[in-house]
Each structure stands twice: as structure tokens, then as C-alpha cells.
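Q: First the structure, which I've put down as C-alpha cells, then a few questions once you've had a look.
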Amino acid sequence: MQFKLKSKFKPAGDQPEAINQLSKNLKTGVKDQVLLGVTGSGKTMTMANVIAKTQKSTLIISPNKTLAAQLYQEFKEFFPNNAVHYFVSYYDYYQPEAYIPQSDTYIEKDAKINEEIDRLRHAAVQDVTTKKDVIVVASVSCIYNIGSPENYENVSLEIKTEQKIKRKDFIFHLTNLQYQRNDIEFKPGSFRARGDIIDIYIVTGEKIIRVEFSGDRISSLREVPSRRDDETIQSKNITNYKLFPATFWVAPQNKINIAIENIKLELQDRLKELKKNNKLLEAERLEQRTNYDLELLKETGSCHGIENYSRHLEFRKQGSAPFSLVDYFNYFSPKGSLIFIDESHISVSQIRAMSVQDRIRKETLIDFGFRLPSAIDNRPLTFSEFEKRQKQTIYVSATPADFEKNKSDKNIVEQLIRPTGLLEPSIEIKKTENQIKDLVEEIKKETANGHRVLVVTLTKRLAEEISDYLVEKGIKTQYLHSEVKTMERPEILKNLRQGKYDVLVGINLLREGIDLPEVSLVAILDADKEGFLRNKTTLIQTMGRAARHLKGRVILYADKTTFSMQSAINEINRRRKIQENYNKKNNINPKTIVTDIRDWGFSKNPSAGSGQGSIAEEFWVIHDKKLLEKEMKIAAKNLDFEHAAELRDLIAKLGKT
């Protein structure tokens, strides 16, 4: 299927020229380009048009989850009939495995996985595997190891009607794919077996595959929507289905057996080395831990921390690069895919730093016998490895760094004119004395006109304290920083736009790319504190949050004008002059950008906080009242009366239908 772009707007300003130049360069084989576009100039629209023109599967890398969520929503609207996905780190909380020699403290890996994001990651990878019209919006976590694309494809299970297979063998195949049998808590990545019917809840969460057996053959396959109240998808009979693994680190059973032998060989070599160096405690620790993992691998095909054995499972050479989402694009799109690195002045630095920190932590674990040396190869791509995997890349930023400019040579496409004719915001510098008192007055001026305000601080604690202070003053305020959960951030931004909040206080999450056209004032506190959060690039980006409003303005609270401040102000004024001249020449009257307030569907679950929703979702495909009554009695017997009551209500509801 081809990419089909849908939009009620046509390219305007200098978008048409940027689209044509970028597309032309891609078709002539240019490897690296820069799209230098000011805030509000419609860079996303330009990117979408380039994808539609070139018809290339596309990976869009964003510097943070909040911006990735916004881009995902926008591309879903641009390409409603194509596969658009969201791929970010699936941890709500993550404490990596580590060892601190100074205090002899071992910290076991502890993580809280967000199941919704895990579902979205699997959906993204599966469509990259099977489709050509795919766009994945990802954070920099896309350079982390997710296992071999070849293994992922080869281990998948093709199911067909009339296929000869015993029920017990079919269940064995499901467990090899790491699907967990669970007849009670039915959720993505699990299956349940009742008589001749096996229901498989696909790991993407999109559907349930019902497999019905007649003797030693599959008599029917049925695709069932995963939510009872989803009226957009109807149950339907199917003739075949390709079932992908429930986890990324999988391998065929015969390969697992070979991998186990290779791990044993490495273990023996490492034990000899440790004992030779009189590290007897470390040797005993490593032998015990590794043998336990190997036993689990042999029996179940998986173990806790299986990714640390990924080099053996994928039969990679020592020191070789891991397989990341970038590799999946290259493997399944041999004719070439496209990478956009959004807000490249930030994203490129993040990609460069990822592997360094990971290696330092792993080396300590290896030295003290917690992991085999091969664990070092479970890592993100190094920057040089990432560069080798880039086929064609467009770096997108209002403030591209020297690296991107130098790499793209002369292929820098500027997009300075906004389709709406909006100018860069006006800038005012105020003293820091009584800055909070002055800030309150400025906020009241803006909110009286129905406008929104962003306040930018230097620390999380200060952001929270200012937020609390403004609330005490009767101003509807919320803070936003890195400790706010991933899935809650888009909802906070939506609430700001809708007027639930008038003010948002943050640090660096309020910088790049966030689309908030209701914001008329950006107040930057302590603007003269030189550093990463107050350098030229950061100031230009932060000021840009006010560029989507007709009356957009910026207040810099500072007692002196730093070099970074002056450089940022000069660049803003240069762009403003170009925009004014364009408007005058083309007789354009500026107007505020109008964008729809999108519903971020992943942040809320209609059944959250109510057991009824989860019970109904778990058991809705069951219409056998006797079976439900049995489940209810079991719950009551286990003193789980709340669970039993919910089942009772569901039985009563079924009686009315």
C-alpha cells in the first residue's frame, strides 16, 4: 500500500520549496540534509509531504517521549490509512542492574513496565516486518538492542485452517513464542485454553485470535476485537494468521540449545580466568547465577535478564553491534528507508552518549562476577554504528548544531516563513528583583484575555515550588518535568490547551517542538545563568514556544545580558526581519495558528480505577454463564469478594442481553 497524505491545508510560505528540494535531493541519492525550520513554520507538514513524495518507510527519532507523542498524533492524522506507530522506552520506572564495589552493594534490576507502551512497541516492530507503508515515531531508545530481525521473523508461527497439528503441540509452540497461559487474567501476550478452543490475545493488544480444533486439525480461525465496546472492529472468520513472538529476545528451540552450549563454553573460560586471578568469590557467584539462567533457558526458552545473553542467542561475534529498530528498517526495507532526526541539535547528542554510560556499568558487573563478558554486547548502538546504518537522513531543527551542518555540507534547506504569517515573538528583558511578583502580574494580564503562559525554571524543585505558589495565588497551574510519567505528559499539555490549566511550569521539557498555539507568553527565569539550559540554542528553542500566537512575547528575567542571550536575541531579530519583509511583499496579515486539540488515547483507560472495566474486558468473550459462575465461586472461595462481585454483575448484565 502507498502512503496517502490527507490534510485540509496545502503547503504554503516556503514549505513548497523546502518539500521539493528535500525530495529532489533524496531521489538523487543525497545521504544527509538539514531542514532548518523555525517554530511554527510547519516542519511536520513538510516531513509528511516528503514521505508521500518519496514513498519510503520512515523512522522519525525524537529527543523525548512528550514530543514523540505529539508527532505520533500528527502523523496519524496525516496518514490515517497507513501504519503509523509510537516506539519509546516502555519503563515507567527503571533501575538498571548495577554493583557498587566501594560498599559491596549489588542492585538488582528493578523496573515497572508500562504494558500499553510495550504493546505499541510490538505493534510497531510487527508492521515494520510486514509492511512497506510504515512510519515509526520513536525516542532515542530505538538504538537499543531488541534482538535479531531474522530470528524474530523465522520464529513466527503461521496458523492456517485445516492445518494438521495436535492441540498440545500447538500450545507448546505458543509457549516457545513466550505467550503465557493464563485462563483467569487474560491480557496481551497470553492465551487461554478451554476445551477445543484456544484464545490468543495478540501481544499488540489489537485483537484476539480464536483457534478451534477438531481432533488433530485446526477447524476454524476467528479474529475477535480485543475490547467488547469497540464497535469499529467486527469479528470475522479468517483462513490464516502469522503469529509473532510475545517478546523480542526469542530464538528457535534448536538454536537455543546451541546457544546454551556456547554460553557454557564462555562460562568455563571465564571461571578459569577468575580463579587464575584468585577471584574465588566472583567465580562461585558467576557459576551459580549463570547455571540457574541456563536451566531456565533450557526448560522455558527464557530467563530473567535474557537480553544479557543476546549475543549467543543471535550468534553474533564478540564486540559486534546489537540489533536495534534501525536494523529492522534496513532488514525489511532493502531498497532503503528514510530517517528524520527531529530536534537534531538534542537528539544527535543523546544518540552519541547512550553506549558510553551503558558500558561503564556493565564492566563493573562483569569484573565482580555478576555477568559473563558477553553481556557487554547487550547495549545500544555506538554513534559510529548508528552512522553506518543511516541510509538517508534529514536532520530537522530550528537550531541545527555544527555537526549536522557540516555533515550535510551545502544541503541545508531553510524554512523561515510561517504559513500563517506569524512573526518571531517580541523580547523584553526584566530585572530579577521581585521577579515572581512581576511574573504573577504578567500572568494575570495574559489569562484575563484567555491566553496561556509557560514559565521556565532551572530545577525540578523550583518548578514544583513556583507551581504551588501560583496555585495559592488562585492561578490554575501545573508543573511538567522528567519525573512526570510518560503517558501523563500529553494529557497535561492537552489540559493546558483546553484551559484546565492557565500556566505550565517546567524546565527543558517545554523547549523543542511542543505545539501550544494558545501560549502568548513565555517567561524565562534566571535567563542570565550561563549553561546548557540557558545557552543560545536553548533560549531560541524556548522562545519559540510563543511563536504560534499573534501576540506572542518573551520575558527574560536577568540582571545582565549574557553572550548567549544576545546571540539568541540577534538570531530571533534576523528571522523576524525576513518574515516582516515577506509579509509586506506578499500582503499577508499574520494570524494565530489554529490546530485541533487531539485526544491522547493512550493516557487514559476507561476502565482504570474500576475493577468492573477490567473484569468485563477480561471475560467479555465468554458467554457461558456456568463458566462465569464457576470463576465467581473460585474467587469467593479465595476470599476475593470484590472480584466475585464484579463477576456477579457481569453475569447479571449478560442475562439482560
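The values are calculated or read from the model by the stated rules, or taken from the named source; none is laboratory data. Note that the coordinates shown come from a computational prediction; the quantities given were computed from them, not determined experimentally. No Cβ is skipped: glycine too gets one built from the backbone with ideal geometry, and neighbour counts run over all protein chains shown. All accessible areas refer to the heavy atoms of the entire protein, side chains included, with ligands and DNA or RNA removed. Shrake-Rupley method; radii C 1.70, N 1.55, O 1.52, S 1.80 Å.
Q: Condition (residue is more than 22 Å from residue 333 (Cβ to Cβ), modelled with pLDDT of 95 or more and either of a type in the set (D, E, K, R) or assigned to a helix (DSSP H, G or I) (or both)) applied to the range 20-39: is it met by at least one residue?
A: Looking through the range 20-39, at least one residue is more than 22 Å from residue 333 (Cβ to Cβ), modelled with pLDDT of 95 or more and either of a type in the set (D, E, K, R) or assigned to a helix (DSSP H, G or I) (or both).
Q: Quick check on residue 316: is it open to solvent by 10 Å² or more (accessible area, probe 1.4 Å), in contact (Cβ under 8 Å) with a residue 24 or more places away in the chain and closer than 30 Å to residue 537 by Cα?
A: Working: open to solvent by 10 Å² or more (accessible area, probe 1.4 Å): yes; in contact (Cβ under 8 Å) with a residue 24 or more places away in the chain: yes; closer than 30 Å to residue 537 by Cα: no.
Here the answer is no, as residue 316 does not meet what is asked.
Q: Right, another one. Identify the single condition in (1) surrounded by fewer than 18 Cβ atoms within 10 Å (Cβ to Cβ); (2) of a type outside the set (Asp, Glu); (3) not in a helix (DSSP H, G or I) that residue 508 does not satisfy, given that it satisfies every other one.
A: Unmet condition: (1).
Q: Another one. Pairs needed: first member in the range 259-282, under 10 Å from residue 312 (Cβ atoms); second member anywhere, among the basic types (Lys, Arg) and open to solvent by 90 Å² or more (accessible area, probe 1.4 Å); C-beta distance under 9 Å; at least 6 residues apart or different chains.
A: Every condition considered, the pairs that remain are 260/298.
Q: Taking the condition of being open to solvent by 70 Å² or more (accessible area, probe 1.4 Å) and within 21 Å of the chain's Cα centre (by Cα), how many residues in the range 471-501 meet it?
A: Pass one, the range 471-501, residues open to solvent by 70 Å² or more (accessible area, probe 1.4 Å): 471-473, 476, 483, 485, 488, 498, 500.
With within 21 Å of the chain's Cα centre (by Cα) added as a condition, the list becomes 483, 485, 488.
Of the residues in that region, 3 qualify.
Q: Restricting to the range 62-81, give me the number of residues that are buried (at least 23 other Cβ atoms within 10 Å of the Cβ) and under 12 Å from residue 4 (Cα atoms).
A: 1
Condition check ((1) modelled with pLDDT of 70 or more; (2) open to solvent by less than 80 Å² (accessible area, probe 1.4 Å); (3) closer than 30 Å to residue 431 by Cβ) across all residues:
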site: 558; (1), (2), (3): yes, yes, yes
site: 591; (1), (2), (3): yes, no, no
site: 601; (1), (2), (3): no, yes, no
site: 610; (1), (2), (3): no, yes, no
site: 613; (1), (2), (3): no, yes, no
site: 622; (1), (2), (3): no, yes, no
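Q: Which pairs turn up if I take residues in the range 367-388 that are at positive phi and look for partners that are open to solvent by 20 Å² or more (accessible area, probe 1.4 Å) with beta carbon separation below 6 Å, at least 6 apart in sequence or on another chain?
A: Once the first residue is at positive phi and sits in the range 367-388, its partners that are open to solvent by 20 Å² or more (accessible area, probe 1.4 Å) give 369/282; 369/285.
Q: Spot the failing condition for residue 323; the list is (1) assigned to a helix (DSSP H, G or I); (2) hydrophobic (A, V, I, L, M, F, W, C); (3) open to solvent by 10 Å² or more (accessible area, probe 1.4 Å), and only one is missed.
A: (1)
Q: Tell me, which helices (runs of 4 or more DSSP H) wholly within the range 201-316 include 2 or more residues that are in contact with an Asp or Glu (Cβ under 8 Å, 6 or more places away or on another chain)?
A: Details: elements: 253-276, 280-300, 310-313.
Correct list: 253-276, 310-313.
Q: Every residue in the range 82-126 that is part of a helix (DSSP H, G or I) and open to solvent by less than 30 Å² (accessible area, probe 1.4 Å), please.
A: To start, the set of residues in the range 82-126 that are part of a helix (DSSP H, G or I) comprises 101-103, 115-126.
Result: 117, 120, 121, 122, 123, 124, 125, 126.
Q: If you go through the range 71-98 one residue at a time, how many are at pLDDT below 85, in contact with a helix residue (DSSP H, G or I) (Cβ under 7 Å, 6 or more places away or on another chain) and not charged (D, E, K, R)?
A: 3
Q: Would you confirm, using the coordinates I've provided, whether residue 570 is over 36 Å from the mean Cα position of the chain (by Cα) and within 21 Å of residue 41 (Cβ to Cβ)?
A: On the way: over 36 Å from the mean Cα position of the chain (by Cα): no; within 21 Å of residue 41 (Cβ to Cβ): yes.
Considered against the rule, which asks whether it is over 36 Å from the mean Cα position of the chain (by Cα) and within 21 Å of residue 41 (Cβ to Cβ), residue 570 comes out as no.
Q: I've got another one for you. Which residues, taken from the range 420-464, are of a type in the set (Asp, Glu) and either open to solvent by less than 30 Å² (accessible area, probe 1.4 Å) or modelled with pLDDT under 95 (or both)? Show your work before the answer.
A: Residues of the range 420-464 of a type in the set (Asp, Glu): 424, 428, 433, 438, 441-442, 446, 464.
Selection gives 424, 433, 442, 446, 464.
Q: Would you confirm whether any residue within the range 32-51 is under 25 Å from the mean Cα position of the chain (by Cα), hydrophobic (A, V, I, L, M, F, W, C) and under 16 Å from residue 336 (Cα atoms)?
A: Going residue by residue through the range 32-51, those that are under 25 Å from the mean Cα position of the chain (by Cα) are 32-51.
When the remaining residues are screened for being hydrophobic (A, V, I, L, M, F, W, C), the result is 34-36, 38, 45, 47-48, 50-51.
This time we only want the ones that are under 16 Å from residue 336 (Cα atoms), so: 50-51.
Yes, that holds for at least one residue.
Q: For the range 180-226, what are the residues that are surrounded by fewer than 19 Cβ atoms within 10 Å (Cβ to Cβ) and hydroxyl-bearing (Ser, Thr, Tyr)?
A: 214, 219, 220
Q: I need the full set of residues from the range 18-35 which are open to solvent by 20 Å² or more (accessible area, probe 1.4 Å), touching a residue at least 12 places away in the same chain (Cβ under 8 Å) and closer than 27 Å to residue 588 by Cβ, in order please.
A: The answer is 21, and nothing else.
Q: Follow-up. Give the residue, chosen from 493, 454, that is within 25 Å of residue 73 (Cα to Cα) and assigned to a strand (DSSP E or B).
A: Values: 493 fails: assigned to a strand (DSSP E or B).
From the options 493, 454, the qualifying one is 454.
Q: Collect the residues in the range 326-338 that are in a loop (DSSP other than H, G, I, E, B) and either crowded, with 16+ Cβ neighbours inside 10 Å or touching a residue at least 40 places away in the same chain (Cβ under 8 Å) (or both), keeping them in residue-number order.
A: Keep residues of the range 326-338 that are in a loop (DSSP other than H, G, I, E, B), which gives 333-337.
Hits for the range 326-338 are 333, 336, 337.
Q: Which one of these does residue 169 not meet: (1) open to solvent by 60 Å² or more (accessible area, probe 1.4 Å); (2) in contact (Cβ under 8 Å) with a residue 40 or more places away in the chain; (3) part of a helix (DSSP H, G or I)?
A: The failed condition is (2).
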